[in-house]
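Below is one structure, written out as structure tokens; comments come after it.
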Amino acid sequence: MSNGEDCGALSSDKGSGQLDLDRPCGQMSSGETCWLCDDITAWNQAMRALGLQLEEPMPGTLLLQCTFDSQMDIDQVTTAREASLLASTLLRQHPCIQDLSVLCPYGTGYRVELVPFPGQMSPPSLMLTGRRFRSLKITQRASAHQYLTDLDTITGLETLHIAVDKIDENFTAKINTIMKRNCSTLKKVQVSNAIRGRSRLRMLENLVACDYLVLRSSDGDGTIPDVDLLVKLMGVSSTLKEVSVQLIHQVDVSIIARALETNRTLTKLSLHARSSGSVEELFGALELNKTLKELSLWIFLDQVNMRFMRAVASAIENNNTLTLLHMNALFGQCQGMKQWSEALTKNCALHVLSLSCWSVPIAEVSTLCKVLRVNKTLKALNLHGVNGTDEERTVLEIKYGECWKPDTLARSLRQSQRLSCESQKLPFPDISGTTAVADECYDRVVLGAWTEPCLRILSPVLASPKSSVETIFTPPIGELSLDIVKVLFNDLASNRCVKSFNVCVEHEPDTRVALVCEALKKNRFIQYLHLTLTNGNSANEILRALTLNTGITELQMSIAVPPTEETMAALSGMFLHNKAMTNISALLVHKDGRQFLDPIAEGISGNRLIIGFKCMAGESMDVPSAVLDSVQRNKSALNRAVQFVLRHREDRRSAECFEFFVGRSCLMTRLKEVAGLSDVEARHEVASAEHRLREMYFVITGVVRRSVVCLPADFTQIDALNADCWRALASHLQINDVCFQ
């Protein structure tokens, strides 16, 4: 598998000294969570050299990931055989392993065909005969399927994900057999490949239970050969909700458009088309379709024409169900935005319109933006790539970014007089005709980072208790004046509405950087932060500030600074001591960025909250094994907490995990994912679990078994305490206050 290291006996640090390969699955023997779910880390540490790894994607069920090398020498084949034997044993003895992922990396010596094995040796194989799985994933090299014996006998599949370089006739036949055997259970199917030729997924139309289907091909000369089968499925399925197809030709667009006219189940459609031909038929179908909620369209090779613009306008005017429309196409100098604007005045369903506006004249963009004064249901107009000057973009943002009340706008403009509009040649809008509206929403027009004039107007909005601004995207802080940074970040420090913040720091520490740090320390309501750091000294200050933040749960950061000792310590400290973040993505841009991996691993090892971590160092995804173990440990703890809430486990371990995660957003999110609960239902279940923990505290901790009985006496004894007294005692204690025997 992954390498030729000699791993010897599968030993671990556990008390037994060996992993127990003969111990039966706890799920099979008791109907409860298998013991293997609590021992994942020890098993992974022993199996990693063989290219095997366990994860717990859902509470109580496991995923086994197997990694095969694309080329092997004799020693590596021997190691791969040992890995296949172990994996086959695990799959045979543990029905709790319901998900299988097989990865065959390209490697440096990538070849399309499978490299023959040395001498008379056959490839190592994983025995799958008659095995039930919930999901199967095969990625990177299609040759991975040759390592799977009886792949096409798998049953019980709900998810099938194939994303490989080449699908030949043999592999296509296996996929078709899998689809046929699992047609009544498959709910999610994704088949992506670079080369498939003329091979067809003939069983596609039989997926009667499927609600999510993705077909992708990146072959520059070919196309998806299964569009007609997809259309047949759209015509008969009562479950299909989401479809994504890439790449398709003009004739395929026409076929899908005709199917869309009569389809009554699809709610989300994503199409990648080579040209704009026949796309007007797709928008014509929208005038008849009554169920589609989201449409995303990419057109690659040619520029749209006026027929396209008129078709879109007609669909916007006459369709009353579509809530999101995303189009990435070459609009060029096309003069059709006025028609769209007029159509939008009659539309009351669309919430988000997202467009790529490269080369679109600023006057056309302005024409489209005018509709925001009339249309009150359009929540966001996302215009990417607007090529206007800063002055032109500022005018658009100020005119249409907010439905201003006259006194609010006038006051804001007076506060921005220091900008000196004349010297900047900024034609601020005439506010005399502005009408008051109830719904204030500053960020309805999204053009990218806010310019300084717009930030001057935004600042008093942030300070208002009626502020509705949820997203802030600033230019690099060093490009802003100290005055605007001071006002903006002082307001942001106490703001309760902003949920998403994008900030870039490129210069040496100064007062502006200090203001950013203070806002990050104090604000408790920002949930998502996108952070770009290109100056080492400022990076140190900001990372130390994030250590104290208690609101941000998701962090995406790009670090383009050298790995100095101080910066590595600040980064490690942030990971170790932050008490809010649960999901982190890191892009290590510097040429020596890999040196950050060890301090990252050290920090995360002591953090019990991080349940998601991705890292790109150089050109590859690179997550140290120590980080994988720490993240999996935290995921398992969160799963135990969910099981306690749902009453699937009520032991000491699950109770302690629940006690740790209660009150944190990740528990609510996970609970809704696992049990399909609404927010209100999830809160009710958590509150019930808290009450149950107090009721069962002394039993869970082992202080008593079921009840307390004392010998007769002439005074009140402990067994006379009622339930309220016991709950009162438990309210002052935590699970780990009672030593585990």
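Here is the size of the range 586-704 from its Cα atoms: Rg then Dmax, 17.7, 59 Å. When the Cα positions of PHE596, GLY606, GLY478 are compared along the charge dipole of the range 470-623, GLY606 comes out farthest toward the positive end, with charges on each C-beta of Lys, Arg, Asp and Glu. Among the listed pairs LYS137/LYS166; LYS268/LYS579; LYS379/LYS579, a Cα-Cα separation exceeding 25 Å is found for LYS268/LYS579; LYS379/LYS579.
The mean sequence separation of alpha-carbon pairs under 8 Å and at least six residues apart, normalised by the residue count of the range 440-593, gives a relative contact order of 18 percent. Only Cα pairs under 8 Å and at least 6 apart count here; give the relative contact order of the range 553-639 as a rounded whole percent. Reported as a whole number, the value is 30 percent.
Report note on the peptides 335-342, 605-612, 463-470: ranked by the mean count of other C-beta atoms within 10 Å, highest first, their order is 335-342, 605-612, 463-470. The GluC sites (Glu not before Pro) of the range 482-562 that DSSP puts in a loop, and whose beta carbon has at most 14 other beta carbons within 10 Å, are GLU506. For LYS614, the lysines whose Cα falls under 18 Å of its own Cα, not counting residues fewer than eight places away in the same chain, are LYS635.
Distance between the C-alpha centres of the range 585-652 and the range 273-294: 42 Å, rounded to the whole angstrom. Spin-label model, ASN537/VAL680: points 7 Å from Cα along the beta carbon direction are separated by 5.5 nm. Please get the size of the charge dipole for the range 647-689, origin at its Cα centre, with Cβ charges of +1 on Lys and Arg and -1 on Asp and Glu, quoted in debye to the nearest 20. Using only the charged Cβ atoms, the result is roughly 80 debye. Classify the range 462-536 as rounded, prolate or oblate, taking a ≥ b ≥ c as the square roots of the eigenvalues of its Cα gyration tensor: rounded when a/c is under 1.5, otherwise prolate if a/b is larger than b/c and oblate if not. Prolate, since a/c reaches 1.5 and a/b exceeds b/c.
Extent along the principal axes, Cα only, for the range 470-623: 39, 29, 24 Å, with the longest axis given first. Based on the Kirkwood approach, the hydrodynamic radius assigned to the range 505-589 is 12.7 Å, with every pair of different Cα atoms included.
Here, each number is a calculation from the coordinates, and none is a lab measurement. Just so we're clear, the structure is a prediction, and the values are computed from it rather than from any experiment. Neighbour counts are summed over all protein chains in view; Cβ atoms, including those assigned to glycine, are modelled from backbone coordinates with ideal geometry.
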